[in-house]
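Below you'll find the structure, written out as C-alpha cells, and then a few comments.
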Amino acid sequence: MTGQNERSRRPSRADVAAAARIKATTAVDDMVAESAGRTTTQLRSTALTWPGTNTVQPEPVACLESARELERAAHELAERYICLARETGRSWHEIGEALDLHWAAAANKESIAAEAYDYALRYQPGTGRRTFTWTCPACQQQVTDNGPWPDPPEQEDGHAADCARRTAQLDAWQRRPPGPA
C-alpha cells in the first residue's frame with residue numbers, strides 16, 4: 001500500500017525543482033558532448049588567461065552557451081503551455097501560481113497575475129506594446145490578451161460576437177459581488 005501512496009501523492013515544488021536540475025544538467029552535458037566541447041564564441045587562448053591552464057573539462061563557456069540555449073528553449077515551451085492554459089480558461093493568477101512567481105511579484109510590488117503576464121512576454125522582441133495571443137476553443141478566433149489589469153471587458157480582444165466562453169466570462173464578472181470601495 002505504501003507504493004501506491006507514494007505514486008499518488010503530489011510532488012512538492014522542491015521535488016520538481018530537483019528533478020529539473022538533474023534533467024537540465026544532463027541536457028547541457030549532452031549538448032556539450034555533441035559539439036565536442038566547442039564554443040560558438042571565439043575565446044582567447046587559454047595560455048593567455050589566468051592561471052594559464054584550463055583544467056576544467058568540458059570548457060565552461062561551452063556549458064554556459066548550452067545552458068542559455070536550454071533556458072531559451074524551456075521558456076518557449078513554457079509560453080506554449082501558457083497559451084494552452086489561457087485557452088482552457090486558466091487565469092493569469094493561476095498561471096503565476098504554477099510558475100511560482102510569488103517572490104518576483106513581491107519584489108516588483110506587482111500582483112502575481114501581472115508577473116505571469118510579464119513572464120509570458122519576456123522574450124518577445126520589440127519596444128512597443130507587446131501582446132500575448134491564443135486561440136479561443138469556443139469561437140476558434142485569435143484572441144489578443146491584454147493581461148490581467150483592465151476589467152474583463154477590456155482584457156481580451158478578438159472573440160466572435162457570439163462566443164459562448166466570452167459571454168459566460170463577462171456574465172460571471174457582472175454577477176460578482178461588489179468589492180470594497
Discussion item. Could you list, ordered by first residue, the pairs with Cβ atoms under 7 Å in which the first is in segment 82-97 and touching a residue at least 24 places away in the same chain (Cβ under 8 Å) and outside any helix (DSSP H, G or I) and the second is buried (at least 16 other Cβ atoms within 10 Å of the Cβ) and not aromatic (F, W, Y), at least 6 apart or interchain?
Written reply: S91/A113
Discussion item. Only one of A116, A138 is in contact (Cβ under 8 Å) with a residue 24 or more places away in the chain, out of contact with any strand residue (DSSP E or B) (no Cβ under 6 Å at 6 or more places or on another chain) and assigned to a helix (DSSP H, G or I). Can you tell me which?
Written reply: A116
Fill in: Residue match in segment 167-180 (condition: out of contact with any strand residue (DSSP E or B) (no Cβ under 6 Å at 6 or more places or on another chain), in a loop (DSSP other than H, G, I, E, B) and modelled with pLDDT of 95 or more)
no
Item to complete: Check S35, S91, S66 and return the single one that is surrounded by 13 or more Cβ atoms within 10 Å (Cβ to Cβ), at pLDDT 75 or above and over 26 Å from the mean Cα position of the chain (by Cα).
Response: S35
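The values are calculated or read from the model by the stated rules, or taken from the named source; none is laboratory data. Keep in mind it's a predicted model, so treat the numbers as computed, not measured. Virtual Cβ from ideal backbone geometry, glycine too; neighbours counted across all protein chains shown.
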